[in-house]
Number of protein chains: 2
Amino acid sequence: MINPLHVALDPKSIVVIGASENPDKIGGRPLFYLARHGYRGKVYAVNPKRTETQGFPTFPSIDDLPEVPEAAIVAVPGDAAIAAVEACARIGVKVCVTMASGFGETGTAAGIAAEQRMVAAARATGMRMFGPNTQGLANFGTGAILSFSSMFLETEPMDGPVGVVSQSGAMSVVPWGMLRARGIGVRYAHATGNDADVNVAELAAVVAEDPELKLLLLYLESVPDPEPLAEAARIANARGLPIVALKSGRTAAGQQAAKSHTGALANEDRLIDAFLERHGIWRAHDLHELVAATELYLKGWKPRGRKLVAISNSGAVCVMAADAATRSGMSMAAISGATRAELGRVLPSFATTTNPIDITAALLTNSRLFGDILPALARDPAADAFLIGIPVAGAAYDVDAFARDTAEFAENTGKPTVAAIPQAQIAAPFKARGIPVMETETEAVAALAQFVGHYERMREAKPTAAHRPRAVSGSRMLNEAQSLALTGQAGVPVVPHHLCRSANEAAAALARLGAPVVVKGCSTDVAHKSELDLVRLGVNTADDVRTAFDAMRHALESRGLAFDGVLVAAMAKGRRELMIGAHVDPVFGPVVLVGDGGKYVEAMPDTRVLLPPFDVADVERALARLRIAPLLAGVRGEPALDVAAFARATVAVAALMTRSEPRIVSLDLNPVLVGTHDEGCLALDSVVFVET
Amino acid sequence: MINPLHVALDPKSIVVIGASENPDKIGGRPLFYLARHGYRGKVYAVNPKRTETQGFPTFPSIDDLPEVPEAAIVAVPGDAAIAAVEACARIGVKVCVTMASGFGETGTAAGIAAEQRMVAAARATGMRMFGPNTQGLANFGTGAILSFSSMFLETEPMDGPVGVVSQSGAMSVVPWGMLRARGIGVRYAHATGNDADVNVAELAAVVAEDPELKLLLLYLESVPDPEPLAEAARIANARGLPIVALKSGRTAAGQQAAKSHTGALANEDRLIDAFLERHGIWRAHDLHELVAATELYLKGWKPRGRKLVAISNSGAVCVMAADAATRSGMSMAAISGATRAELGRVLPSFATTTNPIDITAALLTNSRLFGDILPALARDPAADAFLIGIPVAGAAYDVDAFARDTAEFAENTGKPTVAAIPQAQIAAPFKARGIPVMETETEAVAALAQFVGHYERMREAKPTAAHRPRAVSGSRMLNEAQSLALTGQAGVPVVPHHLCRSANEAAAALARLGAPVVVKGCSTDVAHKSELDLVRLGVNTADDVRTAFDAMRHALESRGLAFDGVLVAAMAKGRRELMIGAHVDPVFGPVVLVGDGGKYVEAMPDTRVLLPPFDVADVERALARLRIAPLLAGVRGEPALDVAAFARATVAVAALMTRSEPRIVSLDLNPVLVGTHDEGCLALDSVVFVET
């Protein structure tokens, strides 16, 4: 079966319900656009007072149409909108764009109920609905402009290889406008509004199938379900289409605003980061980042590395480019002695032949300098990407020659090449020859770093099926012995221990484990044992073990708390206390955390998130991004820690979290003592909550 | 005596040596500019082949001039430039702008020597020289354009309240061009080139005295001497003139490039940060940040707080503004219930009356919405600054009304108000009414945050005299007993200890201190004691102390290392190991570091820099910015640490570092054990190097 959402991109016929002769009205503007942009399908209008609207045949009601249109635009408000959606569903319209607002986004019970009636009507017949509260869809490839945005009046549309898919109406057309102002053609500017039926990710998945698209930009305020987004990423990755996503509501303040705005569910932001990274999607932090590197994506370059060569007629730009490279995670390429010698033959004696290359104001008197040095650099294998910085030039410079030489060079090497040129008249010939031009070196380097980093991310993407979100009804804590048992069975090494039901058993455990031991009270009722004095470290004698046993039994029983026995455990030694945590996120499902352990985990967190499934190498990569990474690798002559053992334990935790019986809600192993080299690791404590 | 550099800004007479009729030549362009910009002083030209150049009287040599000009432009190259500088100095020229390049910046011995000849000639008669290798100075207030930059041909100059002072020629005119493109008048675009005599900070100090200036922008590649920059900051702060500085060479790669470029001394970047902060100078990270907030500075606003109110017709902009606020260190103002009630009476029911305020697309049908809600917000004391976000509007909106209402509001409240408007035609009426407009909400919030943060920094500035840089000839290490003695005498609590010359003395020390003790071998030859097994912790008996004494004496003497005795010290207890470090920076003089202590200080640094003089409150502010700050304040029910005692110890270290006898080169107190509440702190170890 064909995905009905494909119809939304190129319907054979469209009806506008609530059509208006006035192109400034919501019901008039889509008709105006359909005519202006040469839409080739059938267009019908519905308006009981008219027989013709903006030249299109007009009917009193949807039931009077000569055929069932594939798509409908609902431009009437309130109850009329509900009736229109119901009528569309009834006659067999495939997709419906409901522009009316005042529904779910109001947050009122009535608004939500009305919205749900529309969704129910659509689902009853298999119709798909966009909105309500959507500006609509715009496809400049087919002229199917089912949108009332005024932006397409303000700026001239042009078809091109970029798509924008957004929940927000403004964010569907503002990136569009920014790209159009730069002369870039944009095919899609789609807004999905309240996402009551079709959500932004579902539409993105359909758009991603367009073989002519070279870049897909998304704006999201929440990810209520990761699967459609994962599906869009799988489709895009399979054909090498990069996706850049701006997910707002990163901060508590932003999430609060999103909640007030659309009732958006607040995602845990670092899970969004981890999810997007794993699926090869680049995350933009703001509107500028969303569109900043567009020109690079459209070039067809296949970036391979992060080693930058910067060339400028200004030493200051060289310095700032090198600063920007470090800041953006690029490095300055170490160009070879042979290349330097070749540069030295061309450049004046006071120029710099190390990278960054300061060709100095000599460019003023020798316009061939660019053309002469670029071939030498093109041959140097150390160079992955190039920045050409021309902060100042003027009438006396042969700027056309610079632009021509740069364009030829980029063409011949196939390596990403960006110019930083603040003066519009100097930038123009570079742009005309297809070289991406930014105003400053910082922007140029940042765009290169994003572009290179994004392709790295796409190559490493693991776009596997996401876990479906599921609600956790309730949970109960296991006692420590049960938690350790579950953890140990899963394959995580746990500290040798015995659960003792009597003082005699406890004394026998001491004898078996050898002194000193740790003695801990075991209760399903107590998570924070030390607060009830239920932890004694370094217990050496049988008498002391017995005393501890009795005291702990008393401490629990006198408070009416479950006394499940006393845990006698070995005093383990290791080099560093790490932690492994896991919980079930309502959206992303099982989530595993690794990081520095100990009692300040909350106050001074140093952790990374992992989304299952993952392997040992993934864990090691996550650990390498911790603040304590140098310590894991060994510092001050200390040996490295047994990171591999810890990584295996983490993978075992992930397996435990994804199995169905018992369903674990959360798990905390802190500390996990990690030894040196192949000494392994040992979970000293385990707190597990299971679903009830 | 008048600072001769004032002459550079407004000389009564100027001579161009190496004058050319061709305005595209270095010797022709200044004459062209002087004529074009209405310079009112006398202008002379020197060229042996001409009697008139571009209409100015021309003489064969500088000795033939009818008067001694106050300023000279040296536009001849090489040896002729040296001769011209010497001649200028000889006849009594006050300031000379040497444009010729090929001197110190080449890094060759010959180039450096030639440059030094020019400096020597200037200093011999009190002439001040700019350059060599400078594009020159430009003052659009007086028309004294002693510059050959082509930028003033590309963009129309206009006088205004901004000054740019830069080492780099490009960076003197690129910010100028960016501001001019935004319609902002700029008075100064000065480049100082090689800074062989006059440096960029000296010139900045003179420019800062211009009473009409409202913003001073600096570009620096190195700070070889902090005093002129401190002087510029003192002058600027005294009259409330904000300085924004772009100091490049932040990173190792950038410093390497700066060294290749101009031989710039590599400053330790965090000292630059600390120095600029203390002097009230805002540090820009790149060219965009240098100029981004200019419009705000020119408004005359006196910002007082960081609480933002954001208003938009797009919910997405509201969400992104809230995200940006958190990211920039601003917070969303909690507007009062009364204000919300008032907003509720004006806004449609589905709009948001919490902050950020989403007035929704209702703006389309009611253009008075802005004008109606702004007065209510103006009265709310919680609001410090405002963002107006209009991502989309068009012909149907009464944008002029929005702009007028916003401008009136900003005028009436005197509170910083910035608009985020990506469409040029919507932005235009706001700009016309003097409202700063950025393209996106992120930029707008960042500009507000910088503006507010900069005024905070200016209010808190302590622009005291900087320490003159001085070279440290050599240094030697004190032994631990000497180091502890010096540290203790300075007022830092040190661990109770005894330096023992015999095993008997050591045993007696144990008796006095009480078991357990620490025993450490004491030697001026050994910095890392543990590597030679010279540290024994938890020694309990006299016999063990004696054994340790003998073993340590043997360990040192058998290796031919000085044996200065054995230190027997109390085993102190505390809550956390911090550290205090200090050293003499070649530029900034004494520098003190505070932070987390222990053995991973280098591998996982968590430190802040303090530049003396500073007080206890300064130290506490620095500690509050550490990663471990939550722990210092007390987490998980733990009591707070005695931060005050630690701060007093840090102030004592600063006093020690600035005293003259002995001159301390470096000092490391690690760990400094800090107790709870008023338990104080105790330096357990001290390593001091003194100057030899």
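The values are calculated or read from the model by the stated rules, or taken from the named source; none is laboratory data. Because the structure is predicted, anything quoted here is derived from the model rather than measured. Using ideal geometry, Cβ is built from the backbone for each residue, glycine included, and neighbour counts are taken over all protein chains shown. Heads up: the accessible areas ignore ligands, DNA and RNA and are worked out on the full protein's heavy atoms, side chains in. Shrake-Rupley method; radii C 1.70, N 1.55, O 1.52, S 1.80 Å.
Filter region B:230-251 for residues that are surrounded by fewer than 23 Cβ atoms within 10 Å (Cβ to Cβ) and at the interface with chain A (Cβ under 7 Å from one of its Cβ atoms) and give the result.
B:Thr251
In this structure, is A:Pro613 closer than 20 Å to A:Val584 by Cβ, in contact (Cβ under 8 Å) with a residue 40 or more places away in the chain, open to solvent by 20 Å² or more (accessible area, probe 1.4 Å) and of a type outside the set (A, V, I, L, M, F, W, C)?
Numbers: closer than 20 Å to A:Val584 by Cβ: yes; in contact (Cβ under 8 Å) with a residue 40 or more places away in the chain: yes; open to solvent by 20 Å² or more (accessible area, probe 1.4 Å): yes; of a type outside the set (A, V, I, L, M, F, W, C): yes.
Criteria met by A:Pro613.
Looking at this structure, is B:Ala401 farther than 21 Å from B:Arg306 by Cβ, surrounded by fewer than 17 Cβ atoms within 10 Å (Cβ to Cβ), free of Cβ contacts under 8 Å to residues at least 24 places away in the same chain and of a type in the set (A, V, I, L, M, F, W, C)?
On the way: farther than 21 Å from B:Arg306 by Cβ: yes; surrounded by fewer than 17 Cβ atoms within 10 Å (Cβ to Cβ): yes; free of Cβ contacts under 8 Å to residues at least 24 places away in the same chain: no; of a type in the set (A, V, I, L, M, F, W, C): yes.
In short, no.
Residue check, A:Val452 against (1) out of contact with any helix residue (DSSP H, G or I) (no Cβ under 8 Å at 6 or more places or on another chain); (2) under 30 Å from A:Ser666 (Cα atoms); (3) of a type in the set (Val, Ile, Thr); (4) open to solvent by less than 50 Å² (accessible area, probe 1.4 Å), all met but one. Which one?
For A:Val452, the failing item is (2).
Just checking, which of A:Leu623, A:Leu631, A:Leu641 is touching a helix residue (DSSP H, G or I) at 6+ places or on another chain (Cβ under 7 Å) and in contact (Cβ under 8 Å) with a residue 40 or more places away in the chain? Steps first, please.
Values: A:Leu623 fails: in contact (Cβ under 8 Å) with a residue 40 or more places away in the chain; A:Leu631 fails: touching a helix residue (DSSP H, G or I) at 6+ places or on another chain (Cβ under 7 Å).
Answer to the check: A:Leu641.
Residues of region B:590-615 being in a strand (DSSP E or B), of a type outside the set (Asp, Glu) and over 15 Å from B:Leu276 (Cα atoms), which ones? Reasoning before the result, please.
Residues of region B:590-615 in a strand (DSSP E or B): B:590-596, B:607-610.
Narrowing the set further to residues that are of a type outside the set (Asp, Glu) leaves B:590-595, B:607-610.
The answer is B:Pro590, B:Val592, B:Leu593, B:Val594, B:Gly595, B:Thr607.
Just the residues that are open to solvent by 30 Å² or more (accessible area, probe 1.4 Å), within 14 Å of chain A (Cβ to nearest Cβ) and under 16 Å from B:Val672 (Cβ atoms), please, taken from region B:627-655.
Once the filter is applied, which keeps residues that are open to solvent by 30 Å² or more (accessible area, probe 1.4 Å), within 14 Å of chain A (Cβ to nearest Cβ) and under 16 Å from B:Val672 (Cβ atoms), region B:627-655 yields nothing.
Which strands (runs of 3 or more DSSP E) sit wholly inside region B:456-570 and have at least 1 residues that are open to solvent by 50 Å² or more (accessible area, probe 1.4 Å), under 27 Å from B:Val674 (Cα atoms) and not basic (Lys, Arg)?
B:497-500, B:535-539
Among residues belonging to region B:302-340 that are of a type in the set (Val, Ile, Thr), in a helix (DSSP H, G or I) and open to solvent by less than 20 Å² (accessible area, probe 1.4 Å), point out the one that is modelled with the lowest pLDDT. Spell out how you get there, then give the answer.
Let us first name the residues in region B:302-340 that are of a type in the set (Val, Ile, Thr), namely B:309, B:311, B:317, B:319, B:326, B:335, B:339.
When the remaining residues are screened for being in a helix (DSSP H, G or I), the result is B:317, B:319, B:326, B:339.
Keeping just the survivors that are open to solvent by less than 20 Å² (accessible area, probe 1.4 Å) gives B:317, B:319, B:339.
Working: B:Val317: 96, B:Val319: 95, B:Thr339: 91.
Among them, the one singled out is B:Thr339.
Considering region B:285-296 alone, what residues qualify as being within 14 Å of another protein chain (Cβ to nearest Cβ) and either under 20 Å from B:Thr413 (Cα atoms) or in a loop (DSSP other than H, G, I, E, B) (or both)?
Residues of region B:285-296 within 14 Å of another protein chain (Cβ to nearest Cβ): B:285-292.
Across region B:285-296, the qualifying residues are B:His285, B:Asp286.
Among the residues of region B:600-626, which ones are of a type outside the set (Gly, Ala, Ser), more than 22 Å from B:Pro493 (Cβ to Cβ) and within 14 Å of chain A (Cβ to nearest Cβ)?
Hits for region B:600-626 are B:Tyr600, B:Glu602, B:Met604, B:Pro605, B:Asp606, B:Arg625.
Please go through (1) open to solvent by 20 Å² or more (accessible area, probe 1.4 Å); (2) in contact (Cβ under 8 Å) with a residue 24 or more places away in the chain; (3) more than 22 Å from the chain's Cα centre (by Cα); (4) within 27 Å of B:Lys259 (Cβ to Cβ) for B:Asn194 and return the number of the only condition it doesn't satisfy.
With (1) open to solvent by 20 Å² or more (accessible area, probe 1.4 Å); (2) in contact (Cβ under 8 Å) with a residue 24 or more places away in the chain; (3) more than 22 Å from the chain's Cα centre (by Cα); (4) within 27 Å of B:Lys259 (Cβ to Cβ) applied to B:Asn194, the lone miss is (3).
If we keep just the residues of region A:304-316 that are more than 9 Å from chain B (Cβ to nearest Cβ) and in contact with a Gly (Cβ under 9 Å, 6 or more places away or on another chain), which is farthest from A:Ala362 (Cα to Cα)?
Here is the first cut: in region A:304-316, the ones more than 9 Å from chain B (Cβ to nearest Cβ) are A:304-309, A:311.
Checking which are in contact with a Gly (Cβ under 9 Å, 6 or more places away or on another chain) leaves us with A:306, A:311.
Numbers: A:Arg306: 29, A:Ile311: 13 Å.
In this case the residue turns out to be A:Arg306.
For the structure I just gave you, tell me whether B:Ala548 is in contact with a Leu (Cβ under 9 Å, 6 or more places away or on another chain) and small (Gly, Ala, Ser). Show your work before the answer.
Values: in contact with a Leu (Cβ under 9 Å, 6 or more places away or on another chain): no; small (Gly, Ala, Ser): yes.
Against the criterion (in contact with a Leu (Cβ under 9 Å, 6 or more places away or on another chain) and small (Gly, Ala, Ser)), B:Ala548 does not qualify.
Per-residue answers, yes or no, for (1) under 48 Å from the mean Cα position of the chain (by Cα); (2) of a type in the set (A, V, I, L, M):
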residue: B:Glu531; (1), (2): yes, no
residue: B:Val539; (1), (2): no, yes
residue: B:Ala548; (1), (2): no, yes
residue: B:Ala555; (1), (2): no, yes
residue: B:Asp564; (1), (2): yes, no
residue: B:Ala569; (1), (2): yes, yes
residue: B:Lys573; (1), (2): yes, no
residue: B:Arg576; (1), (2): yes, no
residue: B:Met579; (1), (2): yes, yes
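Is it true that A:Glu289 is open to solvent by 50 Å² or more (accessible area, probe 1.4 Å) and not aliphatic (A, V, I, L, M)?
Criteria met by A:Glu289.
If you check A:Lys299 against the conditions, is it more than 14 Å from chain B (Cβ to nearest Cβ), open to solvent by 10 Å² or more (accessible area, probe 1.4 Å) and over 16 Å from the mean Cα position of the chain (by Cα)? Steps first, please.
Working: more than 14 Å from chain B (Cβ to nearest Cβ): yes; open to solvent by 10 Å² or more (accessible area, probe 1.4 Å): yes; over 16 Å from the mean Cα position of the chain (by Cα): yes.
Considered against the rule, which asks whether it is more than 14 Å from chain B (Cβ to nearest Cβ), open to solvent by 10 Å² or more (accessible area, probe 1.4 Å) and over 16 Å from the mean Cα position of the chain (by Cα), A:Lys299 comes out as yes.
Please count how many residues of region A:147-187 are more than 20 Å from B:Glu439 (Cα to Cα), within 21 Å of the chain's Cα centre (by Cα) and away from every other protein chain (no Cβ under 11 Å).
Number of matching residues: 3.
Find all pairs meeting these conditions: Cβ atoms under 8 angstrom apart; at least six residues apart or on different chains; first residue within region B:9-34 and within 23 Å of B:Asp159 (Cβ to Cβ) and touching a residue at least 60 places away in the same chain (Cβ under 8 Å); second residue among the charged types (D, E, K, R) and open to solvent by 20 Å² or more (accessible area, probe 1.4 Å).
Listed by first residue and then by second, the contacts come to B:Pro11/B:Glu70; B:Pro11/B:Lys94; B:Ile14/B:Lys42; B:Ile14/B:Glu70.
What residue, among those in region A:40-92 that are surrounded by 21 or more Cβ atoms within 10 Å (Cβ to Cβ) and hydroxyl-bearing (Ser, Thr, Tyr), is farthest from A:Ile145 (Cα to Cα)?
Out of the qualifying residues, it is A:Thr58.
Kindly establish whether B:Phe130 is within 30 Å of B:Pro211 (Cβ to Cβ), open to solvent by 10 Å² or more (accessible area, probe 1.4 Å), at pLDDT 95 or above and of a type in the set (Phe, Trp, Tyr). First the steps, then the outcome.
Values: within 30 Å of B:Pro211 (Cβ to Cβ): yes; open to solvent by 10 Å² or more (accessible area, probe 1.4 Å): no; at pLDDT 95 or above: yes; of a type in the set (Phe, Trp, Tyr): yes.
Judged against the criteria, B:Phe130 is not a match.
Name the residue that is farthest from the other protein chains (Cβ to nearest Cβ), counting only residues in region B:113-146 that are among the polar types (S, T, N, Q) and in a loop (DSSP other than H, G, I, E, B).
Quick first cut of region B:113-146, residues among the polar types (S, T, N, Q) only: B:116, B:125, B:133-135, B:139, B:142.
From the residues that got through so far, the ones that are in a loop (DSSP other than H, G, I, E, B) too are B:133-135, B:142.
Working: B:Asn133: 9, B:Thr134: 12, B:Gln135: 9, B:Thr142: 23 Å.
Per the criteria, the residue is B:Thr142.
Can you work out which of the residues in region A:657-674 that are aliphatic (A, V, I, L, M) and modelled with pLDDT under 95 is surrounded by the most Cβ atoms within 10 Å (Cβ to Cβ)? It would help to see each step written out before you state the result.
Of all residues in region A:657-674, those aliphatic (A, V, I, L, M) come to A:657, A:664-665, A:667, A:669, A:672-674.
From what's left, modelled with pLDDT under 95: A:657, A:664-665.
On the way: A:Met657: 22, A:Ile664: 24, A:Val665: 21.
Result: A:Ile664.
Specify which of the listed residues (B:Thr106, B:Thr134) is without any contact (Cβ under 8 Å) to a residue 12 or more places away in the chain and within 29 Å of the chain's Cα centre (by Cα). Walk me through how you get there before you give the answer.
Numbers: B:Thr134 fails: without any contact (Cβ under 8 Å) to a residue 12 or more places away in the chain.
Step by step, each of B:Thr106, B:Thr134 is checked, and only B:Thr106 is without any contact (Cβ under 8 Å) to a residue 12 or more places away in the chain and within 29 Å of the chain's Cα centre (by Cα).
What's the number of the only condition in (1) surrounded by fewer than 23 Cβ atoms within 10 Å (Cβ to Cβ); (2) touching a residue at least 60 places away in the same chain (Cβ under 8 Å) that A:Lys259 fails to meet?
With (1) surrounded by fewer than 23 Cβ atoms within 10 Å (Cβ to Cβ); (2) touching a residue at least 60 places away in the same chain (Cβ under 8 Å) applied to A:Lys259, the lone miss is (2).
For the structure I just gave you, tell me whether B:Glu221 is acidic (Asp, Glu), open to solvent by less than 20 Å² (accessible area, probe 1.4 Å) and farther than 30 Å from B:Asp380 by Cα.
Numbers: acidic (Asp, Glu): yes; open to solvent by less than 20 Å² (accessible area, probe 1.4 Å): yes; farther than 30 Å from B:Asp380 by Cα: yes.
In short, yes.
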